[in-house]
Amino acid sequence: MEKKNILVIGGGASGMMAAISALENGASVTITEKESRLGKKVLVTGNGRCNLTNMNISSDNYHGCNPLFTNNVFAQFDNKQTIEFFNKLGVVTKVEERGRVFPMSDQASSVVDILTHRLKDLGVKLIYETKVESIEKNGNEFQITY
């Protein structure tokens, strides 16, 4: 079986989680991040405590042209799977008022550190301070312009 080469654009929480999942499934993964480090915005979520998910997720809490889109997303990866993902990495979680889920450490930096450490253990390739300008598809390949 041919090893897949995957480029993840953006090293935020979703990008890091997607990269870990792809790496654990045998892909070769590169993350390109416009900032000088991964997870920069994660560090300020939940007032620096990193609100990982919520136990009370519903499409009613999301806005947009098609709020029911969230139902399809949560059917594939819901809040319980999010908690399992972080627990597997060693992040112990706690549930607070209104169902908000935080790391027991109350430190967003610990979450970023654990995600970054796992990526490096799995052999991710990292490209920092690089903004993707365009993506064009040519047949079965993509041309990325930085």
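Of the residues making up segment 10-27, none is out of contact with any helix residue (DSSP H, G or I) (no Cβ under 6 Å at 6 or more places or on another chain) and part of a strand (DSSP E or B). Here the condition is being part of a loop (DSSP other than H, G, I, E, B) and touching a strand residue (DSSP E or B) at 6+ places or on another chain (Cβ under 9 Å); of Cys50, Cys65, it holds for Cys50 alone. Checked against the criteria, Asp78 counts as open to solvent by less than 50 Å² (accessible area, probe 1.4 Å) and out of contact with any strand residue (DSSP E or B) (no Cβ under 6 Å at 6 or more places or on another chain). Among the residues in segment 124-133, are any without any contact (Cβ under 8 Å) to a residue 24 or more places away in the chain and either of a type in the set (Val, Ile, Thr) or not in a strand (DSSP E or B) (or both)? Yes, the conditions are met somewhere in segment 124-133.
Is it the case that Gly46 is on the phi > 0 side of the Ramachandran plot and in contact with a helix residue (DSSP H, G or I) (Cβ under 9 Å, 6 or more places away or on another chain)? Considered against the rule, which asks whether it is on the phi > 0 side of the Ramachandran plot and in contact with a helix residue (DSSP H, G or I) (Cβ under 9 Å, 6 or more places away or on another chain), Gly46 comes out as yes. Residues of segment 105-146 that are of a type in the set (Ser, Thr, Tyr), more than 17 Å from Glu35 (Cα to Cα) and surrounded by 14 or more Cβ atoms within 10 Å (Cβ to Cβ): Ser105, Ser110.
Among (1) under 25 Å from Glu33 (Cβ atoms); (2) assigned to a helix (DSSP H, G or I); (3) open to solvent by 90 Å² or more (accessible area, probe 1.4 Å), there is one condition Asn72 misses while meeting the rest; what is its number? Going through (1) under 25 Å from Glu33 (Cβ atoms); (2) assigned to a helix (DSSP H, G or I); (3) open to solvent by 90 Å² or more (accessible area, probe 1.4 Å) one by one, Asn72 breaks only (1).
The values are calculated or read from the model by the stated rules, or taken from the named source; none is laboratory data. Treat the numbers as computed from the prediction; the structure is a model and nothing was measured. Positions of Cβ are generated from backbone atoms using ideal geometry, with glycine treated the same way; all protein chains shown enter the neighbour counts. Just so you know, the surface numbers come from the protein's heavy atoms only, side chains and all, with ligands and any DNA or RNA stripped out. Shrake-Rupley method; radii C 1.70, N 1.55, O 1.52, S 1.80 Å.
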